Amino acid sequence: TMYVSDLERRLRDLRSEHDALEASLAAVRRAHEDAAADVDSLRSRAESAERQRAQLEEELEQLRGQLVDAERRQQGEREQHDRSMQDLRLLVQDRATLNALSASTA
């Protein structure tokens, strides 16, 4: 009888231990699933960030090209302005020369 009671108590203890282990295992599984979901979310965010980075790099290259074009246009306009100013100086000189000649012949 004592032997049977000891076995019954031992069985209850084992069942309690088993239930505790099952609960612990369930908690570990939930934590693993949550961690896996977090990893998936982070992976998705990283992929999105990579796509945005690539898009920004492409836009940056376009802007660099536009800047180079604008600088070339500005240089061309500057050179055209310099030529126009030189032509204007020559016209003013020619006009002064003509005025001087007119004055000397008058």
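The values are calculated or read from the model by the stated rules, or taken from the named source; none is laboratory data. All values reported here derive from a predicted model rather than from experimental measurement. Areas reflect the complete protein model, heavy atoms only, side chains present, ligands, DNA and RNA absent. Shrake-Rupley method; radii C 1.70, N 1.55, O 1.52, S 1.80 Å.
Residues in the chain average 92 Å² of solvent-accessible surface per residue, probe 1.4 Å, ligands and nucleic acids excluded. Each part gets one Cα centre, and for segment 52-106 versus segment 5-24 those centres are 94 Å apart.
Between helix 2-105 and the chain, what is the angle of the helix's C-alpha long axis to the longest principal axis, kept within 0 to 90° and rounded to the nearest 10? Once rounded, one gets 0 degrees.
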